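Participant: Structure incoming, see below.
The values are calculated or read from the model by the stated rules, or taken from the named source; none is laboratory data. Remember, predicted model here, so these are calculated numbers, not experimental data. Glycine gets a Cβ as well: all are built from the backbone with ideal geometry, and neighbour counts include every protein chain shown.
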Amino acid sequence: AQKITQTQPGMFVQEKEAVTLDCTYDTSDPSYGLFWYKQPSSGEMIFLIYQGSYDQQNATEGRYSLNFQKARKSANLVISASQLGDSAMYFCAMRGWSGTYKYIFGTGTRLKVLA
Amino acid sequence: NAGVTQTPKFRVLKTGQSMTLLCAQDMNHEYMYWYRQDPGMGLRLIHYSVGEGTTAKGEVPDGYNVSRLKKQNFLLGLESAAPSQTSVYFCASSTEREGRGTGELFFGEGSRLTVL
C-alpha cells in the first residue's frame with residue numbers, strides 16, 4: 001500500500017529565512033516519483049518539484065530543493081530565502097511508475113511567512 | 001491553451017439527488033484522476049484512469065462512479081448524493097510514464113459541491 005505522511009499541520013518562517021517541510025512515504029512500487037505542490041489561498045494547485053526514486057542527485061528548482069533520503073523514505077522540501085508569497089498550503093505527493101499507478105497526497109502543511 | 005477544464009464550478013444538491021462532474025483535458029494525457037479535498041485531509045484519490053476505457057478505485061471510491069469513454073474526458077458521478085460528499089473536487093491529468101516528462105499533475109480549477 002502507498003502512504004504519504006506530513007506531520008506538520010502548520011509552520012511559521014521569517015521572511016528571507018529557509019524552511020524545511022517534512023514528508024515521509026511508504027510504497028511497494030520499485031520505481032516511483034515524489035512531488036511537491038503548492039496551493040495558495042486562491043485554490044489552484046501549482047507543481048513545484050519532482051524527484052524520481054532512481055535519481056542520484058536531489059532535485060532543485062530555483063529556491064526549492066528536495067532533500068531525498070531513500071533509505072529513510074523521506075522527501076523533505078526546502079524553501080530558501082522565504083518570501084511573503086510563499087505563504088500557502090504545501091502538499092507532498094507520490095506516484096508509482098509500475099503496479100497501480102496511484103497518485104496520492106499527504107494531508108499538507110500550511111506555511112505562513114512572517115514579515 | 002485550456003489544459004484541464006472542470007464543469008460545473010459550483011453546484012448545490014439535495015440529499016439523494018444525482019449529478020455528474022465533467023473533466024476535459026486537451027493535452028492528450030493518458031492518466032486522469034479525481035480527488036476530493038476536505039479541510040485537514042489533503043487531497044484524497046477517488047478514482048483514476050490509466051487510459052481510455054479503463055478506470056480504477058482510489059482511496060475513497062464509495063458513493064462515486066466514473067467513466068472514461070473518450071481519452072480526453074473523465075466523468076465523476078454521484079448517484080445518490082449525501083451530505084458527507086460536500087467537498088471541493090479536483091480533476092487532474094498527467095503524462096503516461098516516467099521518461100515522458102516528470103508525471104506532474106495538471107489540475108482543473110476545482111468544483112465546489114454542497115449537498116444539503
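Participant: Can you find, within the stretch B:35-55, the residue that is nearest to A:Q8 (Cα to Cα) among those that are at pLDDT 95 or above and either touching a Pro at 6+ places or on another chain (Cβ under 6 Å) or of a type in the set (A, V, I, L, M) (or both)?
Facilitator: If we take residues in the stretch B:35-55 being at pLDDT 95 or above and either touching a Pro at 6+ places or on another chain (Cβ under 6 Å) or of a type in the set (A, V, I, L, M) (or both), then B:L43 is nearest to A:Q8 (Cα to Cα).
Participant: Additional query: Listed residues B:G63, B:G53; which is in a loop (DSSP other than H, G, I, E, B), surrounded by 14 or more Cβ atoms within 10 Å (Cβ to Cβ) and at positive phi? Don't jump to the end; show me each part of the working.
Facilitator: Numbers: B:G53 fails: surrounded by 14 or more Cβ atoms within 10 Å (Cβ to Cβ).
Every option except B:G63 fails the conditions.
Participant: Could you tell me which numbered condition B:R100 fails, if it satisfies all but one of (1) more than 19 Å from B:V12 (Cα to Cα); (2) at pLDDT 95 or above; (3) more than 15 Å from the chain's Cα centre (by Cα)?
Facilitator: (2) is the only condition that B:R100 fails.
Participant: Sticking with this one: Tell me, yes or no, whether the stretch A:63-77 has at least one residue that is over 14 Å from the mean Cα position of the chain (by Cα) and more than 18 Å from A:D29 (Cα to Cα).
Facilitator: no
Participant: In the stretch B:59-86, what residues are within 13 Å of chain A (Cβ to nearest Cβ) and modelled with pLDDT of 95 or more?
Facilitator: Answer for the stretch B:59-86, where residues must be within 13 Å of chain A (Cβ to nearest Cβ) and modelled with pLDDT of 95 or more: B:V60, B:P61.
Participant: Mind counting the residues in the stretch A:66-113 that are modelled with pLDDT under 95, surrounded by fewer than 19 Cβ atoms within 10 Å (Cβ to Cβ) and part of a strand (DSSP E or B)?
Facilitator: The qualifying residues number 0.
Participant: Mind checking which residues of the stretch B:13-44 are surrounded by fewer than 16 Cβ atoms within 10 Å (Cβ to Cβ), within 16 Å of the chain's Cα centre (by Cα) and hydroxyl-bearing (S, T, Y)?
Facilitator: B:S18, B:T20
Participant: May I ask you to list the residues in the stretch A:35-59 that are in a strand (DSSP E or B) and within 16 Å of A:C23 (Cβ to Cβ)? First the steps, then the outcome.
Facilitator: Step one: filter the stretch A:35-59 for residues in a strand (DSSP E or B), giving A:35-39, A:46-52.
Of everything in the stretch A:35-59, those that are in a strand (DSSP E or B) and within 16 Å of A:C23 (Cβ to Cβ) turn out to be A:F35, A:W36, A:Y37, A:K38, A:Q39, A:F47, A:L48, A:I49, A:Y50, A:Q51, A:G52.
Participant: Could you please find all residues in the stretch A:69-95 being closer than 23 Å to B:F106 by Cα and more than 10 Å from chain B (Cβ to nearest Cβ)?
Facilitator: So the first thing to find is which residues in the stretch A:69-95 are closer than 23 Å to B:F106 by Cα, and the list is A:75-79, A:85-95.
Residues satisfying the conditions are A:A75, A:N76, A:L77, A:V78, A:I79, A:G85, A:D86, A:S87, A:A88, A:Y90, A:M94.
Participant: Would you confirm whether or not the stretch A:44-66 contains a residue that is in contact (Cβ under 8 Å) with a residue 40 or more places away in the chain and away from chain B (no Cβ under 14 Å)?
Facilitator: So far as the stretch A:44-66 goes, no, none of its residues is in contact (Cβ under 8 Å) with a residue 40 or more places away in the chain and away from chain B (no Cβ under 14 Å).
Participant: I'm trying to understand the selection: among the residues of the stretch A:1-29, which are away from chain B (no Cβ under 12 Å), touching a residue at least 24 places away in the same chain (Cβ under 8 Å) and not in a strand (DSSP E or B)?
Facilitator: Those that are away from chain B (no Cβ under 12 Å), touching a residue at least 24 places away in the same chain (Cβ under 8 Å) and not in a strand (DSSP E or B): A:Q8, A:E15, A:K16, A:E17, A:A18, A:D22, A:T27, A:S28.
Participant: Can you work out which of the residues in the stretch A:30-43 that are within 10 Å of chain B (Cβ to nearest Cβ) and hydroxyl-bearing (S, T, Y) is nearest to A:A81 (Cα to Cα)?
Facilitator: A:Y37
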